[in-house]
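Report on one structure; see the data block that follows.
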Amino acid sequence: MTTFDNTALDELAYNFDSWLEHRPELKKGRQVIPEPSGDSVTDFLRGWAEVTNRALNGVDYRKAPEDREESKEERDERVSENLAREGAALNDLRTERMVLVAQLCQDTPDFETLQALPHRVFGAFTGYLRGKLQDPEQ
């Protein structure tokens, strides 16, 4: 008969030192994330889904208003203003995701460390976390 062996599960661990050369005070070497509770995992996944839904349901500011014609200059100005707004909104969503990750990880890593990471590194880390939470044996 096969028995479940909890040692088959890897620790939730990370080491961001190579990505924090510009912030040596944040370097901590290999760190282990405390095992999250079921409630904190549910809160994290629900919050992540809500942030993602808000991002996906955004208005496409590049579309021209349908009620009038616009000149190339007007279009360029409108697109530029709206892209700036979208950029600010995307930064807000990224910040919300950092808060969710820091809460889930019980501040290991903390918000400041997450904020210092390059965009792709943060994305890869959150992908790693979501994968391990949804399929612990992965």
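Read-outs throughout are calculated quantities, based only on the coordinates presented, and are distinct from any laboratory measurement. Keep in mind that this is a model prediction, so the values were computed, not measured. Note that each Cβ is placed from the backbone with ideal geometry, even for glycine, and that neighbours are counted across all protein chains shown.
What ranking, highest mean first, results for peptides 21-30, 35-44, 91-100 when packing means the other Cβ atoms within 10 Å averaged over each residue?
91-100, 35-44, 21-30
Order of TYR14, TYR128 from fewest to most other C-beta atoms within 10 Å? Write down the numbers at each step before the final one.
On the way: TYR14 19, TYR128 14.
So the ranking, lowest neighbour count to highest, is TYR128, TYR14.
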